[in-house]
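Taking it in order: structure first as structure tokens, then the write-up.
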Amino acid sequence: MTHKDAMGDDGGALPLDPKWPGLDGDVPLYYNVATIRTIAGELKEYLGGTEGAAFAEGYTTGSVKSIEQSGLEKIGSGQLGEWTDAKLLAGTAARGGKALLDAYRRFAEVYETVVLVMEAHADEYAKTNHANEGDRSA
């Protein structure tokens, strides 16, 4: 591939590292689709832990629902006390709990997206491998 081959949406050339293997056809591009699918499958197995019920057999599960129901963002003086320092700590703890919940929700969303993208890329790379090397194994 040359700079002329790599054109951006605006018609301008995309910056390419000339030392990147495979750009000029000197190294055949091959993606191990089976490995990508295996890793995506393993990640998908653990994805269920973020999606499940809040509690199972009396214990929290680590799912988003369990964090939501934990009440971390609702910590107040009722849990920590009514004196001045306890009230200040309660406010800090509530903000921290909300931040943790927001971060965990985002983690779960991104985790799922990563798995979906890996699966989609494996499908596309299987086609690329065939086009580049004539190999249909995936």
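The table that follows gives values for the structure above.
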quantity	calculated
Whichever residue in the stretch 47-75 is charged (D, E, K, R) and in a helix (DSSP H, G or I) and, among such residues, is farthest from Tyr111 (Cα to Cα)	Lys74
Among the candidates Leu29, Leu16, residue that is within 30 Å of Glu124 (Cα to Cα), modelled with pLDDT under 75 and in a loop (DSSP other than H, G, I, E, B)	Leu29
Selected residue (criterion: surrounded by the most Cβ atoms within 10 Å (Cβ to Cβ)) from residues of the stretch 93-138 that are modelled with pLDDT under 90 and of a type in the set (S, T, N, Q)	Asn129
Residue within the stretch 35-44 that is in contact (Cβ under 8 Å) with a residue 40 or more places away in the chain, within 26 Å of Met118 (Cα to Cα) and either assigned to a loop (DSSP other than H, G, I, E, B) or touching a Phe, Trp or Tyr at 6+ places or on another chain (Cβ under 9 Å) (or both) present	yes
Qualifying residue in the stretch 76-89 (condition: free of Cβ contacts under 8 Å to residues at least 12 places away in the same chain, assigned to a helix (DSSP H, G or I) and closer than 28 Å to Glu109 by Cβ)	no
Residue within the stretch 26-47 that is exposed (fewer than 13 other Cβ atoms within 10 Å of the Cβ) and touching a Pro at 6+ places or on another chain (Cβ under 6 Å) present	yes
Where a residue in the stretch 48-71 is on the phi < 0 side of the Ramachandran plot and its partner, wherever it lies, is of a type in the set (Phe, Trp, Tyr), with Cβ under 6 Å and at least six apart	Ile67/Tyr104
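The values are calculated or read from the model by the stated rules, or taken from the named source; none is laboratory data. Since the model is a prediction, treat every value here as computed from it, not as a measurement. Cβ: placed from backbone, ideal geometry, glycine included. Neighbour counts: every protein chain shown.
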